[in-house]
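Have a look at the structure below before the remarks.
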Amino acid sequence: MKNTFLISLLLVGIHLQCTEAQTIQERLGYNKNTKLLIVHADDLGVSHSENMASFEAIEKGMVTSASILVPAPWFSEVAAYAQSNPDVDFGIHLCLNSEWKHYKWGAVSDPSQVASLLETSGFFPDNGQWVAENADIQEMEQEMRAQIDRAIASGITPTHIDAHMMTAYRRADFVQVLLKISQEYKLPIGVDVKKLKARYPELDFPEMVSLDKLYGAGPEDYEKSLAEYYTTVLRGLSPGLNEILVHTAYDDAEMQAITVDHTNWGSDWRQQDFDFFTSDTCKAILKEENIQLITWKAVQDQLMK
């Protein structure tokens, strides 16, 4: 009996060592040299243009995953699409900001219950620093849960969560809420968790899925060439679980009005994102570089359920 117990302990130890030694791509069923890539479209629900371009980029292009702004005006269109296309990979773009000049939204929760999150106008503020300085943590958690619950009640089966404008990563207690929600809803967080750990060493992080590398173009890349930036990223991609954040929309009158006086991440930027990730050039690079596209749903199913 004693020997049997010792052998069992040894086998458990070997199993744990093997699990720890595996890369995330091996845990997902690929070899350790596989370059996995999630091409992720943010901000669905912000407009009809954003929705239509993103749906097209998912159906005909290289976008594999997207996240939804539940408080935004065109949320119901995304919910209807999700119900008709249950295999499409949607996460929740947890939102505490409303950044456009004349195009605003507020909380999903009763405004009187989350007053610390809202400006006197009744809308979310346009910047993350305001939230970091003013938000009550209980109200922040209530609103985060309300957004996820509304999506689920609307027929969406979310596969992950992330943070609009990175605002929900701005305070340690914000991140603690996200970690709790991630575990309770079994939703991976679309972020480089290692960087969060380094930023908030005081937090107790559970064992969880982490991107190896998260890419997103900045204003300097837009000024130079978004196509060049994305080409460089794809050509230099390393083995592991990678994600590229994009914003796909049409450069039409609707998006031009929404993003007025907002060149960065504006209408033209979003058209360029759409153009590249629906192009034959992008498809050819993915093939040449042996990049395997993957969804958050695949990650969630294999590693969190």
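Residues of the stretch 25-43 being in contact with a strand residue (DSSP E or B) (Cβ under 8 Å, 6 or more places away or on another chain) and outside any helix (DSSP H, G or I), which ones?
Within the stretch 25-43, the first condition is being in contact with a strand residue (DSSP E or B) (Cβ under 8 Å, 6 or more places away or on another chain), and the residues that meet it are 25, 28, 30, 34-43.
Within the stretch 25-43, 28, 30, 34, 35, 36, 37, 38, 39, 40, 41, 42, 43 qualify.
When you scan the stretch 230-253, how many residues do you find that are open to solvent by less than 10 Å² (accessible area, probe 1.4 Å) and among the charged types (D, E, K, R)?
1
Quick check, is residue 73 open to solvent by 20 Å² or more (accessible area, probe 1.4 Å) and either in a strand (DSSP E or B) or over 14 Å from residue 255 (Cβ atoms) (or both)?
Numbers: open to solvent by 20 Å² or more (accessible area, probe 1.4 Å): yes; either in a strand (DSSP E or B) or over 14 Å from residue 255 (Cβ atoms) (or both): no.
Answer is no for this residue.
Could you tell me how many of the residues in the stretch 208-226 are in contact with a Leu (Cβ under 9 Å, 6 or more places away or on another chain) and among the small types (Gly, Ala, Ser)?
Summing the residues that are in contact with a Leu (Cβ under 9 Å, 6 or more places away or on another chain) and among the small types (Gly, Ala, Ser) in the stretch 208-226 gives 3.
Kindly list, by first and then second residue, each pair from a residue in the stretch 82-111 that is touching a residue at least 60 places away in the same chain (Cβ under 8 Å) and in a loop (DSSP other than H, G, I, E, B) to a residue that is open to solvent by 20 Å² or more (accessible area, probe 1.4 Å) and among the acidic types (Asp, Glu), limited to pairs with Cβ atoms under 7 Å and residues at least 6 apart or on different chains.
97/126; 99/126; 101/261
More than 27 Å from residue 245 (Cα to Cα) and either in contact with a Phe, Trp or Tyr (Cβ under 8 Å, 6 or more places away or on another chain) or open to solvent by 70 Å² or more (accessible area, probe 1.4 Å) (or both): which single residue out of 136, 110, 126 fits that description? Break it down stepwise before answering.
Values: 136 fails: either in contact with a Phe, Trp or Tyr (Cβ under 8 Å, 6 or more places away or on another chain) or open to solvent by 70 Å² or more (accessible area, probe 1.4 Å) (or both); 126 fails: more than 27 Å from residue 245 (Cα to Cα).
When all the criteria are applied, what remains is 110.
With (1) outside any helix (DSSP H, G or I); (2) surrounded by 21 or more Cβ atoms within 10 Å (Cβ to Cβ); (3) in contact with a strand residue (DSSP E or B) (Cβ under 7 Å, 6 or more places away or on another chain) as the list, and residue 46 as the residue in question, which single condition is left unmet?
Of (1) outside any helix (DSSP H, G or I); (2) surrounded by 21 or more Cβ atoms within 10 Å (Cβ to Cβ); (3) in contact with a strand residue (DSSP E or B) (Cβ under 7 Å, 6 or more places away or on another chain), only one is false for residue 46: (3).
Kindly indicate which of 226, 203, 214 is of a type outside the set (Val, Ile, Thr), open to solvent by less than 60 Å² (accessible area, probe 1.4 Å), touching a strand residue (DSSP E or B) at 6+ places or on another chain (Cβ under 8 Å) and modelled with pLDDT of 95 or more.
214
So how many residues does the stretch 290-305 have that are surrounded by 14 or more Cβ atoms within 10 Å (Cβ to Cβ) and assigned to a loop (DSSP other than H, G, I, E, B)?
3
Of the residues that sit in the stretch 49-63 and are farther than 15 Å from residue 245 by Cα and free of Cβ contacts under 8 Å to residues at least 60 places away in the same chain, which one is most open to solvent (accessible area, probe 1.4 Å)?
Taking the candidates together, the pick is 59.
Read through the list (1) in contact (Cβ under 8 Å) with a residue 24 or more places away in the chain; (2) within 16 Å of residue 59 (Cα to Cα), then give the number of the only condition that residue 280 fails.
(1)
The values are calculated or read from the model by the stated rules, or taken from the named source; none is laboratory data. What you see is a predicted model, and the numbers here were worked out from it, not measured in a lab. Ideal geometry is used to build each Cβ from the backbone, glycine not excepted, and the neighbour counts take in all protein chains shown. Protein only, heavy atoms only, side chains kept; ligands, DNA and RNA dropped before computing areas. Shrake-Rupley method; radii C 1.70, N 1.55, O 1.52, S 1.80 Å.
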